[in-house]
Amino acid sequence: MTTDWRRAIETQREGKDRYFGGDPHSPIPPDERESFDGLEYYPIDKEYRFELPLHEYDDPEPVTVGTSTDGEREYLRWGEFRFTVGGEDVALQAYKANPDDERLWVPFRDATSGDETYGAGRYLDLEDDAHRTDDGNWILDFNEAYNPTCAYSDQYECPLPPTANWLDVPIEAGEKTYH
């Protein structure tokens with residue numbers, strides 16, 4: 001196993017911290033940016049990195065997803081990832097905003113939500129060009145799990161992970177709670 005993927009995650013985290021701390025479009029409230037010294041993350045751990053097939057649905061069904069501001073958004077339930085984590089077999093649904101998207105959205109809650117991580121859950125975005133292996137599997141790397149923008153400020157509306165993606169196991173990888 002190479003360390004290139006590890007370095008890519010470290011670089012991504014460093015860039016996000018610079019953006020959050022100094023960019024005028026940062027979700028960190030302006031009065032908190034001066035004292036912002038970076039987000040907290042779990043150590044990068046290969047045990048939370050999976051190369052998996054997506055079990056695509058023949059007829060993806062529309063799903064209404066609630067938001068952090070009591071709104072709703074529509075997604076297509078595109079497929080399911082099945083894997084074992086923490087000794088338990090689990091499944092996570094992958095969603096698309098529209099059928100032509102090359103990106104998959106994998107929102108989830110886990111046993112760390114509300115304690116070590118953001119209570120409403122975290123997200124993974126899987127890009128076709130960056131998260132696919134040569135054999136067509138997807139790279140589901142929880143080291144890349146991040147908080148939605150509503151974790152930093154209530155001025156944002158964020159879709160909430162559907163209950164189908166609430167895991168009973170802890171995912172001790174990726175971004176921790178802010179504050």
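Per-structure values
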read-out	value
Residue check, T163 open to solvent by 40 Å² or more (accessible area, probe 1.4 Å) and modelled with pLDDT of 95 or more	yes
Search result, residues across segment 64-107 that are out of contact with any Phe, Trp or Tyr (no Cβ under 7 Å at 6 or more places or on another chain) and in a loop (DSSP other than H, G, I, E, B)	S68, T69, D70, G71, G86, G87, N98, P99, D100, D101, E102, R103
Failed item, numbered, when E61 is tested on (1) among the acidic types (D, E); (2) farther than 21 Å from H179 by Cβ; (3) not in a strand (DSSP E or B)	(3)
Within segment 17-41, considering residues that are touching a strand residue (DSSP E or B) at 6+ places or on another chain (Cβ under 8 Å) and either part of a loop (DSSP other than H, G, I, E, B) or of a type outside the set (S, T, Y) (or both), the one nearest to D110 (Cα to Cα)	E40
Matching residues in segment 87-102 - criterion: being charged (D, E, K, R) and farther than 16 Å from P159 by Cα	E88, D89, D100, D101, E102
Output for segment 20-68, where each listed residue is of a type outside the set (D, E, K, R), more than 19 Å from the chain's Cα centre (by Cα) and more than 22 Å from D101 (Cα to Cα)	G21, G22, P24, H25, P29, P30, S35, F36
Residue count for segment 125-141, restricted to those that are within 20 Å of T84 (Cβ to Cβ), free of Cβ contacts under 8 Å to residues at least 40 places away in the same chain and outside any loop (DSSP other than H, G, I, E, B)	1
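The values are calculated or read from the model by the stated rules, or taken from the named source; none is laboratory data. Since the structure is predicted, the reported quantities are computational estimates derived from the model, not experimental observations. All Cβ positions, glycine included, derive from the backbone under ideal geometry; neighbour counts span all protein chains shown. The area values use the complete protein model at the heavy-atom level, side chains included, leaving out ligands, DNA and RNA. Shrake-Rupley method; radii C 1.70, N 1.55, O 1.52, S 1.80 Å.
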